[in-house]
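Visitor: Quick one: structure below, then a few questions.
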Amino acid sequence: MALKYELSKVEVWDGNMAASHALRQAQVDVVAAYPITPSTPIVQNYGKFLSDGYIDGEFVMVESEHAAMSACVGAGAAGGRVATATSSQGFALMVEVLYQASGMRIPLVLNLVNRALAAPLNVNGDHSDMYLSRDTGWISLCAYNPQEAYDFNLMAFKIAEDLRVRIPVIVNQDGFICSHTAQNVAPLSDEEAYEFIGEYKQKNAMLDFSKPITYGAQAEEDWHFEHKAQLHHDLMNSHVVIEEVFDLFAKKTGRKYNIVEKYDMDDAEVVIVALGTTVETARVAAKKIREEGIKAGVVSLRTLRPFPYKLVAEALKDVKAIAMLDRSSPAGAMGMLFNEVGVAVLQNSTKKPILSNYIYGLGGRDMTQENLLQIYRDLDANAKANKLTHPTQQFIGLRGKKMAFN
Amino acid sequence: MKGWNEFEIGSVLFPFNEDGVQAQGKMREERSYTENSSRSASVAHWRVQKPVHNHDHCINCFFCWVYCPDSSILAKDDQMSGVDYVHCKGCGVCVSVCPTNPKSLLMFDENEANEEALKQWPQKEEKQK
Ligand code: SF4
Ligand code: SF4
């Protein structure tokens with residue numbers, strides 16, 4: 001039996017420590033991991049909990065992130081509760097195996113501490129790896145601070161393992177800004193946390209010898225399409241369970257999360273849509289710019305996948321101008337949020353708000369209050385003119401000549 | 001034919017119709033395999049050349065059996081007995097590891113009849129000095 005860890009009502013944890021404690025409390029059977037900045041402390045802390053007797057499960061040290069995810073898929077298929085953590089290049093190396101996990105419907109939990117992708121080499125935060133995950137068939141949740149990194153990890157197991165979902169889950173948090181910034185975190189006790197997540201329910205475990213199964217068989221053109229369609233269908237419907245889990249968590253802790261988070265949206269006319277730690281910074285900016293009489297709001301997502309088209313459209317139906325902030329190189333297109341939020345808004349609302357796209361913060365470049373206030377002022381000008389007063393896509397906080405497209 | 005909503009999730013296949021512990025106690029021929037187990041379903045669509053086995057030269061060393069990545073070498077009564085064309089991908093690994101002279105396994109065109117292939121078998125190669 002694992003030792004009980006005595007926690008205070010409020011702990012001072014960074015996002016990594018918060019994630020480590022959540023994994024410990026979930027009593028994960030197998031964690032297979034390879035260290036990479038800035039996610040390393042998650043599994044490092046976990047290893048320490050294990051050696052100190054606070055964990056019953058196995059910790060597998062592997063030779064790469066590809067091997068880490070492979071070991072996780074194997075352990076998950078065998079019938080265990082499994083988790084790991086990674087960032088950036090390590091995540092990129094894992095991606096091949098991520099498709100196996102989602103295709104085999106193994107309810108893994110992956111902590112993705114968001115970081116830039118090389119070249120040039122960079123250990124700091126942006127959302128390049130988060131965006132790289134978007135077609136892998138995983139549910140992708142976004143936490144903005146250490147408390148949320150903790151909460152979302154607990155909820156991730158419950159969502160992934162629900163037999164109506166049975167899809168692996170990524171919990172995103174921003175590298176360094178969240179992962180290494182210590183803040184007050186109110187944890188659940190070990191018993192409460194485990195009770196919330198619940199016992200692991202096996203489904204088609206390979207170690208059940210009375211009912212042997214084959215995982216990962218060849219399908220080719222005969223059946224591949226049908227299997228992928230089934231995964232897509234279940235992902236698109238997983239929001240039902242995600243909302244249920246958010247509600248249960250709110251009942252337990254008083255912390256209520258929404259798939260689409262709205263800040264000051266009751267009368268907002270100009271709105272920033274963002275992800276990650278920038279959401280909190282944008283909320284401060286929205287409050288400040290309201291003193292100038294600009295009706296500013298912030299909309300942010302908790303699920304990048306499944307993408308909440310209806311809820312996004314609903315949240316943005318009455319606004320005049322929207323800026324989608326993408327923290328990843330658009331690499332030859334508009335940013336991802338611009339494309340997906342834009343389509344959601346245009347498909348589902350009769351009004352046609354003015355849409356723009358800001359690329360920011362690559363490789364850990366700060367997103368300042370001044371940048372955000374500037375974006376709100378741009379949006380206000382758009383709203384007043386009822387048309388774009390600047391190019392659709394702009395790069396903010398970039399040195400050198402102004403860069404803009406369309 | 002099944003539709004997408006009729007599959008077990010996770011694209012898993014159930015190999016046996018019966019209880020697994022029971023099935024594993026039986027010889028392969030006596031087990032009842034499910035229709036869509038990967039044993040019953042052909043996975044050899046992409047083969048363009050096939051290995052043909054020639055009993056006359058085979059020494060039953062089972063190198064081919066060890067090396068075949070698809071477990072497609074058949075054996076019966078301790079003898080190499082041919083190739084399972086439902087699963088063989090035509091990679092030719094068995095042919096290259098076969099040690100006899102001439103080889104007891106050779107690759108032929110997929111649509112060549114096995115009897116025809118056997119008629120064309122090469123003679124023993126002279127050792128090169
Ligand atoms: S050709 Fe390849 S797959 Fe076929 S029997 Fe020989 S080794 Fe096996
Ligand atoms: S490798 Fe050649 S000689 Fe050996 S068992 Fe196979 S066919 Fe026969």
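The values are calculated or read from the model by the stated rules, or taken from the named source; none is laboratory data. Small disclaimer: the values here were computed from a predicted structure and weren't measured. Note that we place each Cβ from the backbone using ideal geometry, even for glycine, and neighbour counts take in every protein chain shown.
Visitor: Please work out which one of (1) aliphatic (A, V, I, L, M); (2) within 14 Å of chain B (Cβ to nearest Cβ); (3) surrounded by fewer than 16 Cβ atoms within 10 Å (Cβ to Cβ) is the condition residue A:248 fails and give its number.
Guide: Residue A:248 satisfies all of (1) aliphatic (A, V, I, L, M); (2) within 14 Å of chain B (Cβ to nearest Cβ); (3) surrounded by fewer than 16 Cβ atoms within 10 Å (Cβ to Cβ) except (2).
Visitor: Another question about this same structure. I'm told residue B:43 meets every condition in (1) under 30 Å from residue A:235 (Cα atoms); (2) surrounded by fewer than 17 Cβ atoms within 10 Å (Cβ to Cβ); (3) within 13 Å of ligand 1 (Cβ to nearest atom) except one. Can you identify the failing condition by its number?
Guide: Here residue B:43 clears every test but (2).
Visitor: I'd like to verify a number: residues in region B:50-75 that are under 13 Å from the mean Cα position of the chain (by Cα) and of a type outside the set (Phe, Trp, Tyr), how many?
Guide: So the answer is 14.
Visitor: I'm checking my understanding of the structure. Among residues of region B:19-40 that are assigned to a helix (DSSP H, G or I) and surrounded by fewer than 18 Cβ atoms within 10 Å (Cβ to Cβ), which one is farthest from the other protein chains (Cβ to nearest Cβ)?
Guide: B:29
Visitor: Going through A:258, A:237 one at a time, which residue ends up being more than 9 Å from chain B (Cβ to nearest Cβ) and either hydroxyl-bearing (Ser, Thr, Tyr) or surrounded by fewer than 14 Cβ atoms within 10 Å (Cβ to Cβ) (or both)?
Guide: Just a single option satisfies the conditions, and that option is A:237.
Visitor: Given the criterion more than 9 Å from ligand 2 (Cβ to nearest atom), touching an Asp or Glu at 6+ places or on another chain (Cβ under 7 Å) and more than 21 Å from residue B:125 (Cβ to Cβ), identify the matching residue among B:74, B:13.
Guide: Among B:74, B:13, only B:74 is more than 9 Å from ligand 2 (Cβ to nearest atom), touching an Asp or Glu at 6+ places or on another chain (Cβ under 7 Å) and more than 21 Å from residue B:125 (Cβ to Cβ).
Visitor: Only one of these conditions is not met by residue B:45: (1) within 15 Å of ligand 2 (Cβ to nearest atom); (2) without any contact (Cβ under 8 Å) to a residue 12 or more places away in the chain. Which number is it?
Guide: Among (1) within 15 Å of ligand 2 (Cβ to nearest atom); (2) without any contact (Cβ under 8 Å) to a residue 12 or more places away in the chain, residue B:45 violates only (1).
Visitor: Check A:144, A:131 and return the single one that is modelled with pLDDT of 95 or more and crowded, with 24+ Cβ neighbours inside 10 Å.
Guide: None of the others qualify; the one that does is A:144.
Visitor: Among (1) loosely packed, with under 12 Cβ neighbours inside 10 Å; (2) of a type in the set (Val, Ile, Thr); (3) touching a helix residue (DSSP H, G or I) at 6+ places or on another chain (Cβ under 9 Å), there is one condition residue B:48 misses while meeting the rest; what is its number?
Guide: It is condition (3) that residue B:48 fails.
Visitor: Go through region B:94-105 and report how many residues are surrounded by 14 or more Cβ atoms within 10 Å (Cβ to Cβ) and within 10 Å of ligand 2 (Cβ to nearest atom).
Guide: 8
Visitor: From the list B:10, B:3, which residue is surrounded by 12 or more Cβ atoms within 10 Å (Cβ to Cβ) and out of contact with any His (no Cβ under 8 Å at 6 or more places or on another chain)?
Guide: Within the list B:10, B:3, the selection yields B:10.
Visitor: Please work out which residue is farthest from the other protein chains (Cβ to nearest Cβ), limiting yourself to region B:72-98 and to residues that are more than 8 Å from ligand 1 (Cβ to nearest atom) and under 23 Å from residue A:218 (Cα atoms).
Guide: Of everything passing the filter in region B:72-98, B:74 is farthest from the other protein chains (Cβ to nearest Cβ).
Visitor: What helices (runs of 4 or more DSSP H), lying completely within region A:261-361, carry at least 3 residues that are in contact with a Phe, Trp or Tyr (Cβ under 7 Å, 6 or more places away or on another chain), modelled with pLDDT under 95 and surrounded by fewer than 24 Cβ atoms within 10 Å (Cβ to Cβ)?
Guide: none
Visitor: Please state which of the following conditions residue B:109 fails to meet, knowing it meets all the rest: (1) of a type in the set (D, E, K, R); (2) within 8 Å of ligand 2 (Cβ to nearest atom); (3) exposed (fewer than 15 other Cβ atoms within 10 Å of the Cβ).
Guide: (2)
Visitor: Go through region B:76-90 and give me each residue that's surrounded by 18 or more Cβ atoms within 10 Å (Cβ to Cβ) and over 10 Å from the mean Cα position of the chain (by Cα).
Guide: Of everything in region B:76-90, just one residue is surrounded by 18 or more Cβ atoms within 10 Å (Cβ to Cβ) and over 10 Å from the mean Cα position of the chain (by Cα), namely B:80.
Visitor: Here are the criteria: (1) surrounded by fewer than 24 Cβ atoms within 10 Å (Cβ to Cβ); (2) within 19 Å of residue A:193 (Cα to Cα). Tell me which single one residue A:99 does not satisfy.
Guide: It fails just one condition, (2).
Visitor: Here's a follow-up. So for region A:57-69 (the condition being under 17 Å from the mean Cα position of the chain (by Cα), under 12 Å from residue A:36 (Cβ atoms), of a type outside the set (Asp, Glu) and at pLDDT 95 or above), does at least one residue qualify?
Guide: no
Visitor: Something else: So which strands (runs of 3 or more DSSP E) are wholly in region A:1-82 and hold at least 2 residues that are out of contact with any helix residue (DSSP H, G or I) (no Cβ under 7 Å at 6 or more places or on another chain) and among the β-branched types (Val, Ile, Thr)?
Guide: Hits in region A:1-82: none.
Yes/no per residue for (1) surrounded by 24 or more Cβ atoms within 10 Å (Cβ to Cβ); (2) touching a residue at least 40 places away in the same chain (Cβ under 8 Å); (3) within 18 Å of residue A:307 (Cβ to Cβ):
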{"site": "A:81", "(1), (2), (3)": "yes, yes, no"}
{"site": "A:105", "(1), (2), (3)": "yes, yes, no"}
{"site": "A:108", "(1), (2), (3)": "yes, yes, no"}
{"site": "A:113", "(1), (2), (3)": "yes, yes, no"}
{"site": "A:135", "(1), (2), (3)": "no, no, yes"}
{"site": "A:153", "(1), (2), (3)": "yes, yes, no"}
{"site": "A:156", "(1), (2), (3)": "yes, yes, yes"}
{"site": "A:164", "(1), (2), (3)": "no, yes, no"}
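Visitor: Right, another one. So which residues in region A:340-363 are more than 21 Å from residue A:277 (Cα to Cα) and within 24 Å of the chain's Cα centre (by Cα), if there are any at all?
Guide: Selection gives A:342, A:343, A:344, A:345, A:355.
Visitor: Would you mind telling me which numbered condition in (1) within 10 Å of ligand 1 (Cβ to nearest atom); (2) more than 14 Å from chain A (Cβ to nearest Cβ); (3) loosely packed, with under 13 Cβ neighbours inside 10 Å residue B:69 fails?
Guide: The one condition residue B:69 does not meet is (2).
Visitor: Evaluate region A:186-205: report whether one residue or more is of a type in the set (Gly, Ala, Ser) and closer than 30 Å to residue B:43 by Cβ.
Guide: yes
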